[in-house]
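The values are calculated or read from the model by the stated rules, or taken from the named source; none is laboratory data. In this text, all values refer to a predicted model and were calculated from it rather than measured experimentally. Neighbour counts run over all protein chains shown; Cβ positions are idealised from the backbone, glycine included. Accessible surface areas use protein heavy atoms only, side chains included; no ligands, DNA or RNA. Shrake-Rupley method; radii C 1.70, N 1.55, O 1.52, S 1.80 Å.
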Amino acid sequence: AGIAGLNYARSKNIGVIVMEPLRGGALAGGLPDAVEKIYREADSKRSNAEWALRWVWNHPGVITVLSGMNATAQIEENIAIAKTADVGAMSQAELDTVKRAAGAFKGLEKVPCTGCQYCMPCPANVDIPGAFSACNSKRIFNQGLRSRFQYLVAHAGDGRREPSLASQCTECGACVEKCPQGIAIPTELKDVAKEFEGSIGRPLTLLIRNVKSFVKRKRQGS
């Protein structure tokens, strides 16, 4: 629901807990050159993680930020950031910097999908927003194999849920009429299928689905 959802919750006096403020660590690591350049040129000198965390904490209604940490140094950094971050603590210049960085990120996206889900449900059970999200993440963060593996795991199905792969698209066109962004969805899904599934996509999908079903049965048995 994004900022609109955050503001709506606040209007109902409901505090919001933000998960994955660093996008699984991606916003704290090596960012695209275009984004890094914007942060380097800013008057405020902050780490990538600090820019992201302070932006989240700057919003009224956020009561807790859940950030995964893998090292003592990360814990110490997050505590130090939390001590000075607060609602309205960011200057207008800093907010403008983050806005420019967000624009640079958007400029790297292959598909201008906002994840609104107006195209869903798909008659062929394709997870259209999920497919485009995987495609954009790979392009922005340059995580080729990781993005492909995550895509296949997420969309392979597991015996309880049916597969939701881009290659299942039948080009019925129902989604195109509903898309506010005017995306040529069937055409873009073909590109996702080619990039993430390829010739080994189907065998890998079957393997992942069987493994997930096996693990599920083992858990139920125990």
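Helix 201-221 and the long axis of the chain differ in direction by around 80°, with both axes built from C-alpha atoms. Ligands, DNA and RNA aside, THR72 has an accessible area near 90 Å² when probed at 1.4 Å.
Could you provide, to the nearest whole Å², the per residue accessible area of the chain with probe 1.4 Å?
Values: 13260 Å² over 222 residues.
Roughly 60 Å² per residue, with all protein chains present.
What is the magnitude of the charge dipole of the chain about its Cα centre, with +1 placed on the Cβ of each Lys and Arg, -1 on the Cβ of each Asp and Glu, and no other charges, expressed in debye to the nearest 20? Mind dumping the intermediate values first?
Working: 29 positive and 21 negative charges, 161 e Å.
For this selection, approximately 780 debye.
Label sites at THR84 and THR114, each approximated as a point 7 angstrom past Cα along Cα to Cβ, lie 3.5 nm apart.
Taking only alpha carbon atoms, the chain gives an Rg to Rh ratio of 1.01, where Rh is the Kirkwood radius. Considering only alpha-carbon pairs that sit under 8 angstrom and 6 or more positions apart, the relative contact order computed for the chain is 17 percent. When the trypsin sites (Lys or Arg not before Pro) in region 1-98 are filtered for DSSP coil states and for at most 14 other beta-carbon atoms within 10 Å of their beta-carbon, the remaining sites are LYS12, ARG23, LYS45.
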